[in-house]
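Bear in mind these aren't lab numbers, they're just calculated from the coordinates by the rules spelled out. Everything numeric here is computed off the predicted structure, so don't read it as measured data. Every residue, glycine among them, receives a Cβ derived from its backbone with ideal geometry; neighbour counts consider all protein chains shown.
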Amino acid sequence: ALSLKGKRVFVTGASAGIGEATAKEFAKQGANVLICARRLERLTKLEAELKELGAPEVFSFQLDVTDRDEVQGTIATLPAEWREIDILVNNAGLSRGLNKLYEDDVDNWEEMIDTNVKGLLYVTRAVVPGMVARNSGHVINLGSIAGLAAYPGGAVYCATKVAERYITDGLRIDVNGTDLRVTTIDPGMVETEFSVVRYRGDEEKAAKVYANIEPLLAEDIADAIVWAATRPAHVSIQTMVLCPTAQASAYVVTRGA
Ligand code: 8X3
């Protein structure tokens, strides 16, 4: 396996869930961790935790990936030692609502498309040129089983994850001939703030999504990300789909009593 010691890993949306767990897992492996999110106070706390877990250097900054100028400007002016990113984990993303397309609030669509599609593109555009110039780097994007099949009420969320899949595949094609690797990690049900955000704070509704099954945890996804990142240089994990054992597809879930 490749060593992560001293590598610079950049995780977007690191304030909670899969992003936070991923930052921690890389810290345990001795990587230097660069984290961003909108919620700065959470990052400040995480920064200390990452150092305790073993990250030699940690740097956190506030970033809203939907702001094109902010993404470009902030990443271009990072402290010099953070500009050469070895591994980019494009994790920032969200879902809003689970409504019929013809009844949904258009603001939900704007937010999902701005974050999951345009935000992903902005960060990629800011980081990958350096990787190509150094002929070294790994881009790991967070997709979803939602990108493999549409589900009721999920048209636009699912469409953003289809976009993520094609952006990932397209980028891999465009960097072919370099030593860069490009991966999409596609989880099913992971119990994080995901459903609370989807239902705008309705905790009861969110809890039902994961009721009577053993869902994946953010740590399970972090583990897969670190595994993909540590394969030997000639091995490119193009895609990985992870679901709870009780989940066969977006539709087929067996719940216990
Ligand atoms: C999260 C998984 O199935 O709730 O992307 O869309 S799902």
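Just a few scattered comments:
- In the chain, lysine pairs closer than 19 Å at Cα, eight or more apart or cross-chain: 13
- Debye equation applied to the C-alpha atoms of segment 1-84, log10 I(q)/I(0) at 0.14, 0.27 Å⁻¹: -0.42, -1.34
- Per residue of the chain, the DSSP helices (runs of n ≥ 4 H) give a summed -39500 (n - 2.57) that works out to -12000 deg cm²/dmol at 222 nm.
- Computed as a quarter of the hull surface, the mean projected area of the alpha carbon convex hull for segment 86-225 stands at 8.8 nm².
- Order of 122, 102, 151, 251 - criterion: other Cβ atoms within 10 Å of each residue's Cβ, fewest first: 102, 251, 151, 122
- Counted charge near residue 39, where neighbours are those whose Cβ lies closer than 13 Å (Asp, Glu -1; Lys, Arg +1): -2
- The charge dipole of segment 8-242, taken about its Cα centre with unit charges on the Cβ of Lys, Arg, Asp and Glu (plus for the first two, minus for the last two), comes to roughly 480 debye.
- In terms of surrounding Cβ atoms within a 10 Å radius of their Cβ, 197, 139 rank from fewest to most as 197, 139.
- Note, ³J(HN,Hα) from phi for segment 136-144, Karplus 6.51, -1.76, 1.60, rounded to Hz, x at Gly and Pro: 7, x, 9, 9, 10, 9, 8, x, 5
- Most positive-pole-ward Cα, 37, 221, 196, against dipole of the chain from beta carbon charges: 221
- Antiparallel %, DSSP beta bridges [both residues in the chain], to 5: 5
- Inter-part distance, segment 45-107 to segment 185-257, computed on C-alpha centroids, equals 20 Å.
- Rel. contact order, % - alpha carbon contacts under 8 angstrom, at least six apart, segment 8-242: 21
- Taking 13, 147, 201 in turn, the Gaussian network model of the chain (Cα-Cα springs below 10 Å) assigns the largest fluctuation to 201.
- Stokes-Einstein D for segment 168-257, Kirkwood Rh over Cα pairs, 25 °C, 0.890 mPa s (µm²/s): 163
- Dimensions (Å) - the chain, Cα atoms, principal axes, largest first: 49, 38, 36
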